[in-house]
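The values are calculated or read from the model by the stated rules, or taken from the named source; none is laboratory data. For clarity, every value in this text was computed on a predicted model and none was experimentally measured. Neighbour counts are summed over all protein chains in view; Cβ atoms, including those assigned to glycine, are modelled from backbone coordinates with ideal geometry.
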Amino acid sequence: MVDIGYFALCLALVASGYGAMAAALGPRRGLPGLVRSGENAVLATCGLLTIAMVALWQALLTHDFQVEYVAENSNRAMPLFYLVTALWGGQNGSLLFWGWILSLYAAAVVALYRQRYRELMPYVTATLAFTSFFFCIVHLYAADPFQRLPFTPPDGRGLNPILQHPVMAIHPPLLYLGMVGMVVPFAFAIAALISGKLDTTWLRASRRWMLIPWTFLGFGLLLGGKWAYVELGWGGYWAWDPVENASLMPWLVGTAFLHSIMIQERKGMLKVWNLVLAILTYGLCIFGTFMTRSGIISSVHAFAQSNIGPFFATFLVLTLIFAFGLLWLRLPLLRAENRLESFASRETAFLLNNWILLGMLFAVFWGTVFPLVSEAFTGEQITVGAPFFNQVNIPIGLALLLLTGAGPLFAWRRTSSASLRENFTAPVAAGLASMGLFFALGVRDPYAVLSLGLCVFVVAALGAEFHAGTRARMRSTGEGYPLALYRLCVKSRRRYGGYLTHLALVLLFVGFTGKAFTKEVEFVLDQGASRSVGDYQVRFESLAFAENANYSTTSAAVGLYRDGDLLGTLLPERRYYPAFDQGTTEVSIYSTLREDFYIILVGSAEDRSAKFQVYINPLINFVWLGMGVLVLGALWAMWPTARDRRLARVDRQTALGLAGSPSAHA
């Protein structure tokens with residue numbers, strides 16, 4: 001099966017290369033059959049990479065330790081669950097997984113749009129096929145997942161201990177679905193530039209294909225925060241690690257793109273800007289892949305140093321030169337159709353939103369690459385820590401939160417002074433009153449007061465938007481409030497799904513603000529002893545020791561009380577994995593919406609005393625709640641409406657009409 005997988009990779013290289021050439025040459029030569037052949041090659045590439053994936057999974061599940069990847073990332077003691085997830089636990093397997101997801105996206109685009117966007121699709125297909133071609137080169141010449149050892153070891157090393165967690169079955173695939181999927185809007189942007197069809201057609205096709213990976217990537221980022229919170233044992237969920245930043249940066253640019261395309265659709269403005277954002281989003285995905293897989297940075301998430309760095313660096317440089325070269329050639333065709341008419345307008349709010357997001361992007365990018373810049377000039381890597389990122393990004397984030405609420409209150413083109421007073425009075429009053437209330441309740445951190453006040457402002461602004469729309473529908477249809485609200489959201493999915501994602505941002509900021517009130521304490525307890533931690537009392541009950549083929553563990557039983565009432569028994573652990581000579585921390589958490597009681601077993605002594613570290617993390621569960629609302633809002637916004645289906649029918653009928661015309665067969 002391993003040989004079949006390798007042969008499938010070789011055939012995928014041929015199929016993807018042919019697909020890129022056929023799809024690109026077809027429209028130039030007036031041969032629609034050649035374009036169809038290129039599209040079929042993309043489908044074949046997907047099938048072949050699926051065979052390669054199945055082959056590697058089969059090698060993992062059958063413990064074929066002669067395959068180097070299997071020997072390095074699995075062993076006989078690992079449960080079936082982790083054998084499956086080991087496919088993306090190492091460098092070569094995760095790259096094959098990346099290439100397979102890319103082929104799935106490409107196949108989906110080709111299959112869905114066989115009768116739509118026919119002026120764009122040849123070049124979309126060529127771009128997707130060429131990207132698959134590049135990844136097949138990497139699979140075969142730099143990161144062969146089927147590389148054999150000269151001998152067969154009796155057992156493998158096993159999966160990295162920090163990856164042996166259930167969240168890791170979901171977190172990496174979500175990130176890959178997000179990062180890889182950004183190639184589709186990039187492909188439509190390239191197709192628009194090559195074909196010269198630079199109206200809003202490519203935007204209409206790209207919006208949903210940006211929203212899909214944007215949702216996956218946002219969900220993956222937050223789920224990664226959840227993994228770090230429960231697995232790494234440091235009490236937090238975001239450390240501004242270079243690999244975290246590598247995934248955050250394209251998400252920020254994708255967010256800017258999703259906002260700015262609305263201006264081009266409505267006003268015919270920002271044509272160049274939107275193409276730049278589409279190119280930059282995908283470029284940052286490749287740049288992040290280069291950073292995390294070349295070994296040039298140190299991170300708990302990064303892969304070991306390898307020889308794939310030059311491949312990705314070359315691909316990134318060539319991609320950006322080609323894309324921005326095309327953009328420069330097409331500049332005469334990209335003149336704006338309108339100008340900004342008023343500062344007090346929704347267009348201005350969206351522009352400011354874009355600049356704030358790109359300001360945050362620059363801060364994250366600079367802090368991430370600074371160690372490399374410092375090493376290049378001084379010979380020493382100077383690491384930029386979390387304090388820098390927090391100091392710069394907290395004010396930027398608060399400005400973004402302000403615009404999240406203010407943007408919907410502005411009208412398109414210009415907002416009259418009377419409308420400004422009417423729309424802003426209640427939300428601003430609610431925000432200011434809440435800030436006074438939080439201060440009176442003892443909140444003294446200025447950023448915390450401002451953040452919570454802005455959260456109230458945004459909720460009031462969004463509530464006013466939902467209420468005004470519902471009341472207007474009630475007057476026009478006579479429907480009751482709940483039905484009118486539901487049908488309003490169904491009719492304008494894109495608008496109100498976007499408002500739900502804004503609400504998700506509010507919930508996230510509430511959770512982020514809770515970090516200002518975190519309490520941390522470290523102490524040693526003898527068995528049977530108790531102590532108070534904030535409003536809680538902890539009692540160290542006992543220690544237990546266990547061992548299996550994969551790891552040994554020391555766990556503590558700790559009773560958690562409040563006001564004398566038992567809330568539960570927490571079981572923090574320390575595990576040791578002999579194959580890696582590495583220990584991990586398994587935290588135990590008592591969770592409520594108000595706060596988490598988070599306890600770590602630091603170590604134990606021969607007299608059976610134990611050292612514990614406790615964090616009380618207020619409001620943190622609003623982060624995970626915001627994650628759910630973000631996904632819900634995005635799904636609501638991307639779900640096809642009646643208008644979308646109508647446009648799809650028109651596109652198909654147009655394509656069929658063109659296909660049946662005499663010129664199409666000339």
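What pairs come up if the first residue lies in region 82-98 and is closer than 17 Å to residue 161 by Cβ, the second is of a type in the set (Gly, Ala, Ser) and assigned to a helix (DSSP H, G or I), and their beta carbons are under 6 Å apart, counting only those six or more places apart or on different chains?
Note: pairs meeting the criteria are 85/169; 88/94.
Mind counting the residues in region 613-652 that are among the hydrophobic types (A, V, I, L, M, F, W, C) and modelled with pLDDT of 90 or more?
Matching residues across region 613-652 total 16.
With (1) among the hydrophobic types (A, V, I, L, M, F, W, C); (2) surrounded by 20 or more Cβ atoms within 10 Å (Cβ to Cβ); (3) under 21 Å from residue 539 (Cβ atoms) as the list, and residue 634 as the residue in question, which single condition is left unmet?
Every listed condition holds for residue 634 apart from (3).
Within the group 505, 525, which residue is in contact with a Phe, Trp or Tyr (Cβ under 6 Å, 6 or more places away or on another chain) and crowded, with 16+ Cβ neighbours inside 10 Å?
One residue alone meets the criteria, 525.
Name the residue that is surrounded by the most Cβ atoms within 10 Å (Cβ to Cβ), counting only residues in region 552-583 that are charged (D, E, K, R) and touching a strand residue (DSSP E or B) at 6+ places or on another chain (Cβ under 9 Å).
574
Name, by its number, the condition in (1) out of contact with any Leu (no Cβ under 9 Å at 6 or more places or on another chain); (2) free of Cβ contacts under 8 Å to residues at least 40 places away in the same chain; (3) hydrophobic (A, V, I, L, M, F, W, C) that does not hold for residue 424.
Going through the list (1) out of contact with any Leu (no Cβ under 9 Å at 6 or more places or on another chain); (2) free of Cβ contacts under 8 Å to residues at least 40 places away in the same chain; (3) hydrophobic (A, V, I, L, M, F, W, C), residue 424 breaks only (1).
Taking region 270-292, which residues are farther than 23 Å from residue 259 by Cα and among the aliphatic types (A, V, I, L, M)?
The one that is farther than 23 Å from residue 259 by Cα and among the aliphatic types (A, V, I, L, M): 291.
What is the one condition in (1) free of Cβ contacts under 8 Å to residues at least 12 places away in the same chain; (2) on the phi > 0 side of the Ramachandran plot that residue 377 does not satisfy?
(2)
Are any residues in region 219-230 in contact with a Leu (Cβ under 9 Å, 6 or more places away or on another chain) and over 14 Å from residue 176 (Cβ atoms), and if so, which ones?
Residues of region 219-230 in contact with a Leu (Cβ under 9 Å, 6 or more places away or on another chain): 219-224.
Within region 219-230, 222 is the sole residue that qualifies.
Looking at (1) within 16 Å of residue 184 (Cβ to Cβ); (2) of a type outside the set (Asp, Glu); (3) in a loop (DSSP other than H, G, I, E, B), find the lone condition where residue 76 falls short.
It fails just one condition, (1).
Residues to consider are 546, 579; find the one that is on the phi < 0 side of the Ramachandran plot, hydrophobic (A, V, I, L, M, F, W, C) and within 37 Å of the chain's Cα centre (by Cα).
Residue meeting the stated conditions: 579.
Determine if region 316-339 includes at least one residue that is in a helix (DSSP H, G or I) and touching a Lys or Arg at 6+ places or on another chain (Cβ under 7 Å).
Going residue by residue through region 316-339, those that are in a helix (DSSP H, G or I) are 316-329, 331-333.
Those left that are additionally touching a Lys or Arg at 6+ places or on another chain (Cβ under 7 Å): none.
No: region 316-339 contains no residue that is in a helix (DSSP H, G or I) and touching a Lys or Arg at 6+ places or on another chain (Cβ under 7 Å).
Yes or no: region 263-272 includes at least one residue that is at pLDDT 95 or above, crowded, with 21+ Cβ neighbours inside 10 Å and outside any helix (DSSP H, G or I).
No, there is no match, as no residue in region 263-272 is at pLDDT 95 or above, crowded, with 21+ Cβ neighbours inside 10 Å and outside any helix (DSSP H, G or I).
What number goes with the only condition from (1) within 29 Å of the chain's Cα centre (by Cα); (2) buried (at least 20 other Cβ atoms within 10 Å of the Cβ); (3) closer than 30 Å to residue 391 by Cα that residue 496 does not pass?
(3)
Please go through region 47-106 and pick out each residue that is in contact with a Leu (Cβ under 8 Å, 6 or more places away or on another chain), within 20 Å of residue 141 (Cβ to Cβ) and among the aliphatic types (A, V, I, L, M).
Scanning region 47-106 gives 48, 49, 52, 53, 56, 67, 96, 102.
Would a scan of region 410-418 turn up a residue that is within 15 Å of residue 512 (Cα to Cα), of a type in the set (S, T, N, Q) and buried (at least 18 other Cβ atoms within 10 Å of the Cβ)?
no
State which residue pairs qualify: first residue of a type outside the set (Lys, Arg) and inside region 429-451, second residue assigned to a loop (DSSP other than H, G, I, E, B) in any location, beta carbons under 6 Å apart, and separation of 6 or more residues or different chains.
449/443
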